[in-house]
Amino acid sequence: MPVHPRRGTLSKKLFERVIASGNHLLTQVKDNQPRLRRSLELGAAGRKPSGFAKSDTKGRNRWETRELTVFPAKAWFRHTPWEPFIKTVLRLQRTVCRRDPATGLFRQTSEVVFWVSSAHGPTPEQWNEWIRGHWRIENGSHYVRDTAFAEDASRIRKNPDIVARLRSFAYNLLRADGCDNIKNARWRAAIDIDTLFKTAGFYKN
């Protein structure tokens, strides 16, 4: 059962396309959909979960605990446009403790995020691993696209998917060329057309 993670504005049409292709969608509910987010917060507080998973990871001066609670959607979205699409609701609490090497002091932060999926049946451990895999993509790709291409600040409302594909195309070209600093590589390509043509994947006639 392929499950594809995604982050961004939640779209019913996207759910329809993914399900029609024989796949399932797993996506985070962001703050730009406050009504859906509020519905999930209230529902999670009064429903019995079907599963729970906890994981701990340790890095350099960083410790993270992830507590994932799984809820079957069932009647959660009855008589709403989301009823045919959302089958599972996931509540993830991330607690991160960081140590400042200079002072030796610790700082702890905690956040709760919600994920929804058209799939049902995977174990809590599987959900947890898929979400962790998404964050690895987020750190390696989407964060760069936001900082180097200002994706989240874009005000394009007509056919935004076309511009998003162009950003992805430019990002992939630069990565294929071995660029580590995407923002700097874009700047160099903008001021020197020969630099652009030397990029892997470009051929100058």
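Scanning the stretch 183-205 for residues that are of a type in the set (S, T, N, Q) and either part of a loop (DSSP other than H, G, I, E, B) or modelled with pLDDT of 80 or more (or both) returns Asn184, Thr199, Asn205. For the stretch 157-182, give me each residue that is exposed (fewer than 11 other Cβ atoms within 10 Å of the Cβ) and either assigned to a loop (DSSP other than H, G, I, E, B) or among the small types (Gly, Ala, Ser) (or both). Listed by number, the residues that qualify are Arg157, Lys158, Asn159, Gly178, Asp180. If the condition is being under 14 Å from Phe149 (Cα atoms) and out of contact with any Phe, Trp or Tyr (no Cβ under 8 Å at 6 or more places or on another chain), then the stretch 176-185 contributes Asn181, Lys183, Asn184, Ala185. Return yes when Arg94 is under 21 Å from the mean Cα position of the chain (by Cα) and modelled with pLDDT under 90 and no when it is not. No; evaluated as a whole, the condition is false for this residue.
Would you mind stating whether Arg66 is more than 29 Å from Lys183 (Cα to Cα), of a type in the set (Lys, Arg) and modelled with pLDDT of 90 or more? Judged against the criteria, Arg66 is a match. Taking residues in the stretch 29-50 that are farther than 14 Å from Val112 by Cα, and partners anywhere that are of a type in the set (A, V, I, L, M, F, W, C) and at pLDDT below 85, the pairs with Cβ atoms closer than 9 Å and at least 6 places apart or on different chains are Asn32/Leu10; Gln33/Leu10; Leu36/Leu10. Within the stretch 73-91, being part of a strand (DSSP E or B) and at pLDDT below 95 holds for no residue. Across the stretch 1-59, the number of residues qualifying as among the polar types (S, T, N, Q) and modelled with pLDDT under 85 comes to 4.
Each residue in the stretch 51-66 was checked for being out of contact with any strand residue (DSSP E or B) (no Cβ under 6 Å at 6 or more places or on another chain) and either in contact (Cβ under 8 Å) with a residue 12 or more places away in the chain or part of a strand (DSSP E or B) (or both), and 2 of them qualify.
The values are calculated or read from the model by the stated rules, or taken from the named source; none is laboratory data. Since this is a predicted model, take the numbers as computed values, not measurements. All Cβ positions, glycine included, derive from the backbone under ideal geometry; neighbour counts span all protein chains shown.
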